Structure formats: C-alpha cells, structure tokens
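The structure under discussion appears below in the form of structure tokens.
The values are calculated or read from the model by the stated rules, or taken from the named source; none is laboratory data. Since we're looking at a predicted model, the values are computed, not measured. All Cβ positions, glycine included, derive from the backbone under ideal geometry; neighbour counts span all protein chains shown.
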C-alpha cells in the first residue's frame, strides 16, 4: 500500500512565523503535490514537483515556496504566515505521467494562523 | 482557465440512490475522476472515466459522462451510512500532471 504521511495533523502558528509542512511518501513516486483545501473551493494546487530539485507553480503559489531535496520528501514553506493561509493542507504523490495513475493523498495538516 | 463546479450538499435516506453532479469547462480533458474524502482523512480515488466513454459501472458506482454538455455524474446505488463523505470530481490537464478539483459535495446519509 502506498503511504503518504504528513508531519503534523494540526498546527497553530502566529502571523509572521515561518512554517514548514513536511510530506513523505514511501513508494518512490516521481511526482508530488501540495494543495490547500477550503470549504466550497475544493482543492487548489499550490506547487508540484516532478523530480528532485524540480518544482512547478500551481494555481495559487503566492506566499508559498517548496523544497524537494530527496525524492521521498516534499516540503511546503510559508515564509511569513498570514491569517488567510489558515486552511487544510493536503500532500499527494503519483508514480508516473499516465492519466490513469491516481494521486495518493496524505491525511492533511490543518493549519491555524493567529 | 479550467473550472469544475459541484453542488455543495446532498442528503439521502439509507437504501436510496444518490446522484452527485459535476460540470466542467475544459473540453479537452481526457480523464475525469471522482474522489471521496471521509472525515479527518485525505482523498481516496473512487473511480475515473476516459473521455471517449459515456458510462462506467463499478459495483454500486455508476459514472455517466455527457461530453457535449460537459456534465459528469456519480450515482451510488443502495446508499449506506458509510457513504457519508465529501465527494470531489476532478479533471486532468492535457499534460497529465495537474488535476483541477470541484468544490466538493457533502453527502449525508440518514438512517
């Protein structure tokens, strides 16, 4: 079974703090993704990575950066957290580039920025 | 850009059929997906349909695709309380590397 784990289930931070969200997958997948999930808006893609040290902007990259130093780990960084970044953050990974390949999701990190 | 829309909420009685609807705008989408999110969990792929198909059936799940109207639906037969969850439809871009999700439909199943 593919396993995607996220470092925290719940996180509370203050405005202006630097926040790291970590994601690890154990299936040697090339592709990894970070989404945020907000009620009524579904999932919106922040960044994705198709290889180590490679990254691509998604639909809403502003205020975020990412790091992929190792294949199994994809980190989302909020350089200076703001209250509008309070959200549920979901990480996903996918093996290849064929359309049938599904994305496997982690359980999510619920971030509250005060 | 791509836009995927769903109604926010659906309530059914146990044993009835549920139909969750989705509209999308990218006519070049090759695959369309249905994901399920149970409380406190990530998303789990339920099923997908290739754009040259009209229908796909998988046990209690039936996916209907009307490509002309860009309308996708998920029918769950004999809905159970364990089907209560948020259901997301999603389309994939031409490069096959980005999914666009709808806002999710919360299905509530009453006993």
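Summary table
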| item | result |
| --- | --- |
| Residue list for segment A:22-40, filter: more than 14 Å from every other protein chain (Cβ to nearest Cβ) and under 11 Å from the mean Cα position of the chain (by Cα) | A:22 |
| Residue selected from segment B:34-78 under the condition surrounded by fewer than 16 Cβ atoms within 10 Å (Cβ to Cβ) and at positive phi, by the criterion modelled with the lowest pLDDT | B:40 |
| Positions within segment A:41-62 being more than 8 Å from every other protein chain (Cβ to nearest Cβ) and closer than 11 Å to residue A:91 by Cα, in sequence order | A:46, A:47 |
| Matching residues in segment B:20-33 - criterion: being more than 17 Å from residue B:101 (Cβ to Cβ) and surrounded by 13 or more Cβ atoms within 10 Å (Cβ to Cβ) | none |
| Verdict on residue A:87 being under 25 Å from residue B:87 (Cβ atoms), in contact with a strand residue (DSSP E or B) (Cβ under 9 Å, 6 or more places away or on another chain) and away from chain B (no Cβ under 11 Å) | yes |
| Check on residue A:67, crowded, with 16+ Cβ neighbours inside 10 Å, without any contact (Cβ under 8 Å) to a residue 24 or more places away in the chain, more than 14 Å from chain B (Cβ to nearest Cβ) and over 25 Å from residue B:8 (Cβ atoms) | yes |
| Flag for residue B:41 being within 19 Å of residue A:39 (Cβ to Cβ), within 13 Å of chain A (Cβ to nearest Cβ) and more than 11 Å from the chain's Cα centre (by Cα) | yes |
| Subset of segment B:73-95 [within 14 Å of chain A (Cβ to nearest Cβ) and in contact with a strand residue (DSSP E or B) (Cβ under 8 Å, 6 or more places away or on another chain)] | B:85, B:86, B:87, B:88, B:89, B:90, B:91, B:92, B:93 |
| Residue identified as within 30 Å of residue A:109 (Cβ to Cβ), in contact with a strand residue (DSSP E or B) (Cβ under 9 Å, 6 or more places away or on another chain) and within 14 Å of another protein chain (Cβ to nearest Cβ) among B:49, B:20 | B:20 |
| Residue that is farthest from the other protein chains (Cβ to nearest Cβ), among those in segment B:99-111 that are surrounded by 17 or more Cβ atoms within 10 Å (Cβ to Cβ) and more than 12 Å from the chain's Cα centre (by Cα) | B:109 |
| Hits in segment A:23-43 - residues which are part of a strand (DSSP E or B), in contact (Cβ under 8 Å) with a residue 12 or more places away in the chain and crowded, with 16+ Cβ neighbours inside 10 Å | A:23, A:24, A:25, A:31, A:32, A:33, A:34, A:35, A:36, A:37, A:43 |
